[in-house]
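The values are calculated or read from the model by the stated rules, or taken from the named source; none is laboratory data. Predicted, not measured: the structure shown is a model, and the values here were computed from it. Neighbour counts are summed over all protein chains in view; Cβ atoms, including those assigned to glycine, are modelled from backbone coordinates with ideal geometry.
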Amino acid sequence: MSKRRVVVTGLGHVSPVGNDVATGWANLLAGKSGIAKITRFDASDMACQIAGEVKDFDISQYISPKEARRNDLFIHYGIAAALQAVADAGLDDVPGLDKTRVGVNIGSGIGGLPLIEETGVALMDGGPRKIGPFFIPGSLINLIAGQVSILKGYQGPTYGIVSACTTGAHCIGDAARLIQYGDADVMVAGGSEGAISRLGIGGFAAMKAMSTRNDDPAAASRPWDKGRDGFVMGEGAGVLVLEDYEHAVKRGARIYAELIGFGMSSDAHHITAPSSEGPARGVANALRDAGINPDQVQYVNAHGTSTPLGDANETSALKIAFGDHAKKLAVNSTKSMTGHLLGGAGGVEAIYTILSVHNQVSPPTINLVDQDVEAGCDLDYVANTARDMKIDIGISNSFGFGGTNGTLVFKRV
């Protein structure tokens, strides 16, 4: 039985570079950083005092203030991005849309950490009577999908995958397979995160994983640069509407790109330290699923977190997966501007990959001043300036703690 084709018909986005797709994309192409000093809490006593915070976000545009108070920030971001994507796809305007054939798969890597932190303090200070009745549903990861399903009446498969920083990619890839298998005609899929809190920042800083370039926040995320010293946390959500090709054509939907491949793998190596072979296998699996050769790919939206080990490791993985063709790839890290959205990264970066393919342009990797060739970072990273280029096929890489890897392959239509 041949696989059903899966296309992208809607995009929704909340990130440090913009609270909608158009704003975020324009800022990326302009090379504008969304990273600054933390304003959400007093971080003056912390090793890392910078982050990519979402700015001027108003959840009341999407749900009532009463409903908003019952949910943590990561659910707010996920709902906003999902409703943007649904509107962009025009699903509400489809006559007789069979909502039993529409599902939702939106996950998060960490979930309601700020609400957990806040409730923990309330418990310690005031006892169990201070725990709110919406603490549990307001912090559960699958409640993004649950809330979207309830808001829109979608009765197909509704769930959320949790796989650290690979969450968004896994949610999108798995959702596409539900369409391919015939379990749904439309899936709303992506990832969300809102973990910029004392506990979130402090926890990653305790691992020595984060940048401490506190005096120059906009320059702190610098993938493949010799001066990189760790990742910068971001927040937000990226959500796609995925649709069976025939279903999309029949209703006259705009198609951004086709999702032609999805690959996964595990390092089986270490809970946090990267390995080259695992990610390379994930890329190879995605290319095989897409039925394409490595030399048919022009663009890579890399995981590219700005960590000393991770950036060199991903470069090595690309060389293993692509061989000599790796030197011809345009490899870009949008995390240089957004920071690392953790479970939301695969969602927003899938959008950036789709828009790169759709618009035939690669965003820049900013802050790449002194490329770390000595560490093996010797590919074309689209340094500092966006590039108009031919992109028939682009891939998006996401790697997570526990050695979990995911790669999505998008084709121009």
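Annotations
- Scanning the stretch 7-29 for residues that are touching a residue at least 24 places away in the same chain (Cβ under 8 Å) and over 14 Å from K55 (Cα atoms) yields a total of 10.
- Scanning the stretch 282-297 for residues that are surrounded by fewer than 24 Cβ atoms within 10 Å (Cβ to Cβ), assigned to a loop (DSSP other than H, G, I, E, B) and on the phi < 0 side of the Ramachandran plot yields I292, N293.
- Scan of the stretch 23-40 for residues that are more than 16 Å from the chain's Cα centre (by Cα) and in a loop (DSSP other than H, G, I, E, B), ordered by number: A30, G31, K32, S33, I35, I38, T39, R40
- Taken over the stretch 41-65, the criterion of being over 22 Å from the mean Cα position of the chain (by Cα) and under 23 Å from G78 (Cβ atoms) is satisfied by F41, S60, Q61, I63, S64, P65.
- The residues listed here are V300, V241, V232; of these, the one that is farther than 30 Å from M210 by Cβ, in contact (Cβ under 8 Å) with a residue 24 or more places away in the chain and crowded, with 24+ Cβ neighbours inside 10 Å is V241.
- When the helices (runs of 4 or more DSSP H) confined to the stretch 125-224 are screened for residues that are in contact with a helix residue (DSSP H, G or I) (Cβ under 7 Å, 6 or more places away or on another chain) and farther than 17 Å from V104 by Cβ, those reaching at least 1 such residues are found at 198-206.
- Taking the listed residues K335, K390, the one that is at pLDDT 95 or above and under 17 Å from the mean Cα position of the chain (by Cα) is K335, with no other qualifying.
- Selected residue (criterion: surrounded by the most Cβ atoms within 10 Å (Cβ to Cβ)) from residues of the stretch 1-22 that are part of a loop (DSSP other than H, G, I, E, B) and not hydrophobic (A, V, I, L, M, F, W, C): P16
- Qualifying position, being in contact (Cβ under 8 Å) with a residue 60 or more places away in the chain, under 26 Å from A51 (Cα atoms) and either not polar (S, T, N, Q) or not assigned by the TED database to the domain that holds D92 (or both), among A268, A218: A218
- Failed criterion for I110 (all others in (1) aliphatic (A, V, I, L, M); (2) in contact with a Leu (Cβ under 8 Å, 6 or more places away or on another chain); (3) over 23 Å from G343 (Cβ atoms) hold): (3)
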